[in-house]
Structure formats: C-alpha cells, structure tokens
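J.: Can you keep this structure in mind? I'll have questions shortly.
The values are calculated or read from the model by the stated rules, or taken from the named source; none is laboratory data. All values reported here derive from a predicted model rather than from experimental measurement. In this analysis, Cβ positions are derived from the backbone assuming ideal geometry, glycine residues included, and neighbour counts consider all displayed protein chains. Please note that ligands, DNA and RNA were not included when accessible areas were found on the heavy atoms of the full protein model with its side chains. Shrake-Rupley method; radii C 1.70, N 1.55, O 1.52, S 1.80 Å.
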Amino acid sequence: MNIIFLGPPGAGKGTHAQRLMQELSIPQISTGEILRAAIREGTPTGLKAKACIEKGELVPDAVVIDIVKERLQQADCANGYILDGFPRTVAQAEALGTFAKIDAVVNFILSDDAIIRRLSGRRVCPKCGNTTHISALNGSTVCPVCGEELVQRKDDLPETVENRLKVYAEQTAPLISYYQARGLVRDIVCDGHIVDENHALVRQSLGLED
Ligand code: ADP
Ligand code: ZN
C-alpha cells in the first residue's frame, strides 16, 4: 500500500509512520528527516534547505520533489511506502501523481492547542534523529535510543511554530480537498495524547486489524 500521512506539524505523523513501517515492513519516507540529515552532513541540498527550515518555511518544491522521486525508485519501495511530510503543496502533489500511485491519504486532525503543546515539548536527537516528547522522558535529557544529549529543534521554538501553522493552513491544507476529490482521504481525529490510541485510529483508517 502506498500511503500519504497528511497533517499539521506535531500531529504525530512521524511517530505513527515509524510504527506502521515496522508493522507492515514498508519504508517511512520523511522529507523532514531526509532534509535534516542533509543539513547534518553539509550536502548541497542541506545548504539549500537550512535557512528555509529554520524560518519555518517550506523548502522549494523542486528540491523535495527530486528527493522523493529518487527515493521511490529504490528497491525497498516496491511493496509500498509511507510518505510522511510529503506532499506539502499542490505542486508537489501534482508532481507525485506523475511518478507514483497513491492508495490512501490519512488526514491527521488536531487543534492548534494540541499542536503547540506537542511541539513545545518535542526533543530530537542530533546524532540518530530520534524524536521524543518530554512527557515520555521522566526528567532525563538524553536520547532513549543512543544516549546522546537531546536538543530542541530551532523550528520548534514558539516564534517559528506560529509561522509553520500559517504555512500549513495556506499551502498544505488545500491538499485535503485535492485528495478528497480523488476519493483517497481517511480522516482521523488525534487530539488525544495516548500514542497507542491514536495508532489504533491510524490502523483502522487503513482497514488494518487491531
Ligand atoms: P513536522 O514533523 O513538524 O511536520 P517535518 O520534519 O516534516 O516537520 O519538516 C520540517 C521542515 O522541513 C518543514 O518545516 C519544512 O521546512 C521542511 N520540509 C519537510 N518536508 C517538506 C516538503 N515536502 N516540502 C517543503 N518543505 C519540507
Ligand atoms: Zn539518538
């Protein structure tokens, strides 16, 4: 199954994509994660993306379209994949339509309040890229996966979050009706903070058994 996870920042797309990846043995393709890795490695793509990401703006369509097009050609995508954070504009969706056949779009719905709570508590590992919420750390400040000291993403600081919500409403939310018109959207309301419960909603929306 070729799946898109659509939703505002902080909706939990990455968390659920990672779990579903293990459950279905299909890759999670997170453009945000690919871009952050490119920044860490100092590649030309990383250099292009850095300023946009830090301001909470979108990286140019051409850059992310190339990344995804190339990634989907790799062998591990043959039996399906989860696109997490792509497409984010109608232009990206149209490009995707020329090289991929999407089966389902899971639309994560949550309030601005919930988004802000989640993003302000989000911490990321600069070494392995793992993302955690402070509520799950019990006061610890290190990565539960590799032990590195966790940091807050610059784009999770309040000034930038506000801009990201605006960018989402203006540029990404129109994709809901774009994919509704194609009969692909499955809405899930995930304001609750219990990951297992939200994950059950994701699975149900895709017609997977509990
Ligand atoms: P979140 O998990 O908070 O939604 P992501 O990790 O998906 O954030 O993305 C972080 C940043 O990377 C975005 O704010 C944007 O600057 C950039 N980015 C990620 N995916 C895309 C995309 N498909 N198009 C343009 N920019 C992107
Ligand atoms: Zn780590």
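J.: When a/c reaches 1.5 or more, the comparison of a/b and b/c decides; with that in mind, is region 1-68 rounded, prolate or oblate per its Cα gyration tensor? Mind showing how you got there, number by number?
T.: Values: a/c = 2.07, a/b = 1.75, b/c = 1.18.
It is prolate, given that a/c is not under 1.5 and a/b is the larger ratio.
J.: A further question follows. How much space per residue, in cubic angstrom, does the convex hull of the C-alpha atoms of the chain take up?
T.: On the way: hull volume 25.3 nm³, N = 210.
Expressed per residue, the convex hull around the Cα atoms of the chain is 120 Å³.
J.: Also, quick follow-up: Of all trypsin sites (Lys or Arg not before Pro) in region 86-155, which ones are in loop regions per DSSP and have a Cβ with at most 16 other Cβ atoms within 10 Å?
T.: Values: sites: Arg88, Lys101, Arg117, Arg118, Arg122, Arg123, Lys127, Arg153, Lys154; in loops: Arg88, Lys101, Lys127, Arg153.
Passing sites in region 86-155 are Lys101, Lys127.
J.: Another question, then. Taking only the Cα atoms of region 53-144, how large is their convex hull per residue, in Å³?
T.: Details: hull volume 14.6 nm³, N = 92.
Residue-normalised Cα hull volume stands at 159 Å³.
J.: Please give me, ordered by residue number, the GluC sites (Glu not before Pro) of region 53-160 that lie in loop per DSSP and have at most 16 other Cβ atoms within 10 Å. Intermediate values should be presented prior to the final figure.
T.: On the way: sites: Glu54, Glu57, Glu70, Glu94, Glu148, Glu149, Glu159; in loops: Glu57, Glu148.
Those satisfying the criteria are Glu57, Glu148.
J.: Please give the solvent-accessible surface of Ile67 in Å², to the nearest 10, using a probe radius of 1.4 Å with every protein chain present.
T.: Using a 1.4 Å probe on the heavy atoms, I get roughly 30 Å².
J.: How much of the accessible area of the chain, probe 1.4 Å, is carbon plus sulfur, in whole percent?
T.: Working: 5510 of 10590 Å².
The computed percentage sits at 52.
J.: Using a 1.4 angstrom probe, figure out how much accessible area region 44-107 has per residue, in square angstrom, rounded to the nearest whole.
T.: Value returned for region 44-107: 48 Å² of accessible area per residue.
J.: Averaging sequence separations of C-alpha pairs under 8 Å and six or more residues apart, then dividing by the length of region 124-164, give the relative contact order as a whole percent. Could the numbers behind the result be given before it?
T.: Working: 34 pairs, mean separation 16.0, N = 41.
Taking the mean separation of contacting Cα pairs over the length of region 124-164, I get 39 percent.
J.: While we're here: For the chain, give the share of DSSP beta bridges that are antiparallel, in percent and rounded to the nearest 5; count only bridges with both residues there. Let's see the in-between values first.
T.: Details: 5 of 21 bridges.
That works out to approximately 25 percent antiparallel.
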